[in-house]
Amino acid sequence: MLETRFSVAPMMDWTDRHCRVFHRLMTRRARLYTEMLTTGAIIHGDRSRLLGFDPSEHPVALQLGGSEARDLATAAKIGEDFGYDEINLNVGCPSDRVKDGRFGACLMAEPALVAEGVAAMKRAVKIPVTVKCRIGIDDQDPELALDVLARGVVAAGADALIVHARKAWLNGLSPKENRDIPPLDYNRVYRLKAAMPGVPVIINGGIASLGEAKQHLAHVDGVMLGRAAYQEPWRLLNVDPEVFGEAAPHTTMKDVFEAMMPYIEDQLARGTRLHSMTRHFVGAFHAVPGARAFRRHLAENGVRAGAGVNVLRDAIALVEGRAVAPMAA
Ligand SMILES: Cc1cc2nc3c(=O)[nH]c(=O)nc-3n(C[C@H](O)[C@H](O)[C@H](O)COP(=O)(O)O)c2cc1C
């Protein structure tokens, strides 16, 4: 059964394997997503570098970018064989590079092609196949465009839909602007759920806190947080208690870091640079004395060649007290 209630969004350059291990130490239940990987990279690239992940990350979904059914099926199968728990297709990313490659948000205009890709992936793998899309692009009517896309992929076998609740404007806005400027329309996503009650619908876009997340859960099956989860990771300490009614794996950020030390030491021994991991910790401490000193210490010392785990230990020592997550996460 696909647990849809809470997930951390796929974010290029952000949700790499180190970030996901960090997030997993704060919540056992959240679904975690990889950065988008193109079918071409998976089929022709260095698979163990691109797809390798730590067993602690489960449940973890691989996000694919592509539109060619045969390539999607091949890449999905490779992902399944690597042990991923879900394959997700990106139909929401607006970048130019992606547009030229005919994948991402521009596929909102090609629902039949997307459905064909989903059907091919469903034939190739046993794990769930999901689609992450927008409510529409450019001058599309979201009532129609989202409906047509959703019905097509569901008929093709998609196990859930994740909807970033705004349009992508493909002409004129940068990818970053496309995450903020087109207005959010949560009601459009609620209507999709009401029209397709049997299909898991996950809402994404602009959800800033767990309080907001819980309000959405009255209307849809799940919430996906992107920037709030990455930039303010302390919020994740409250996901298991507040969303699932279960104890969190760790109650303080200091405990999270202690639990992550063996992973960090192992990665350092394999040649991973400390900064590749500690760059994800910038927002770890919030509203506690020493949070700024922690960030500064990591920024100044974490990037040095040969920086070891003591840099992180020293940074943590600058934070006062036990640094419990604020309740109003
Ligand atoms: C740095 C960054 C990289 C992103 N990369 C991806 C990506 O690879 N695939 C994708 O589907 N969405 C990507 N997104 C979009 C997010 O998954 C999400 O849909 C968007 O940020 C809106 O959610 P939020 O307001 O909770 O951040 C990215 C967002 C950010 C901030």
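The values are calculated or read from the model by the stated rules, or taken from the named source; none is laboratory data. All of these numbers come straight from a predicted model, not from anything done at the bench. FYI the Cβ positions are ideal-geometry reconstructions off the backbone, even for glycines, and counts take in every protein chain you see.
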Checking the structure you have, find out if any residue of the stretch 95-104 is buried (at least 24 other Cβ atoms within 10 Å of the Cβ) and touching a residue at least 12 places away in the same chain (Cβ under 8 Å). yes
Scanning the stretch 12-31 residue by residue, those within 12 Å of the ligand (Cβ to nearest atom) and touching a Lys or Arg at 6+ places or on another chain (Cβ under 8 Å) turn out to be none
For the stretch 41-52, does any single residue satisfy the condition of being polar (S, T, N, Q) and within 14 Å of the ligand (Cβ to nearest atom)? no
Pairs returned, first residue in the stretch 211-224 that is closer than 17 Å to Leu237 by Cβ, second residue that is in a loop (DSSP other than H, G, I, E, B), beta-carbon separation under 6 angstrom, 6 or more apart or interchain, are Ala213/Ile207; Val223/Ile207
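Taking the condition of being of a type in the set (Ser, Thr, Tyr) and free of Cβ contacts under 8 Å to residues at least 40 places away in the same chain, how many residues in the stretch 239-296 meet it? Spell out the reasoning first.
Kept after step one, since they are of a type in the set (Ser, Thr, Tyr), are these residues of the stretch 239-296: 251-252, 263, 272, 276, 278.
Filter once more, so that each one left must be free of Cβ contacts under 8 Å to residues at least 40 places away in the same chain: 278.
The number of residues fulfilling the criteria is 1.
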Within the stretch 185-209, the residues that are part of a loop (DSSP other than H, G, I, E, B) and either within 19 Å of the chain's Cα centre (by Cα) or not assigned by TED's automatic domain parsing to the domain that holds Glu143 (or both) are Pro200, Gly205, Gly206, Ile207, Ala208, Ser209
Can you confirm whether the stretch 137-148 contains a residue that is more than 16 Å from the ligand (Cβ to nearest atom), under 18 Å from Pro200 (Cα atoms), assigned by TED's automatic domain parsing to the domain that holds Ala168 and not hydroxyl-bearing (Ser, Thr, Tyr)? yes
Restricting to the stretch 1-11, what's the tally of residues that are farther than 13 Å from Arg28 by Cα and under 9 Å from the mean Cα position of the chain (by Cα)? 3
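The rows are residues; the columns are (1) charged (D, E, K, R); (2) out of contact with any strand residue (DSSP E or B) (no Cβ under 7 Å at 6 or more places or on another chain); (3) under 29 Å from Glu80 (Cα atoms).
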site	(1), (2), (3)
Pro128	no, no, yes
Ile135	no, no, yes
Ala150	no, no, yes
Ala155	no, yes, yes
His164	no, no, yes
Leu170	no, no, no
Ala195	no, yes, no
Those residues of the stretch 210-244 which are in a loop (DSSP other than H, G, I, E, B), away from the ligand (no atom under 11 Å from the Cβ) and small (Gly, Ala, Ser) amount to Ala218
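Here's the yes/no breakdown for (1) farther than 29 Å from Glu143 by Cα; (2) in a strand (DSSP E or B):
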{"position": "Thr4", "(1), (2)": "no, no"}
{"position": "Thr34", "(1), (2)": "yes, yes"}
{"position": "Ile42", "(1), (2)": "yes, no"}
{"position": "Leu50", "(1), (2)": "yes, no"}
{"position": "Gln63", "(1), (2)": "no, yes"}
{"position": "Asp71", "(1), (2)": "yes, no"}
{"position": "Gly79", "(1), (2)": "yes, no"}
{"position": "Cys93", "(1), (2)": "no, no"}
{"position": "Cys106", "(1), (2)": "no, no"}
Here are Ser56, Ser7, Ser67: which of them is in contact with a Leu (Cβ under 9 Å, 6 or more places away or on another chain), under 30 Å from Leu170 (Cβ atoms), more than 13 Å from the ligand (Cβ to nearest atom) and not aliphatic (A, V, I, L, M)? Ser67
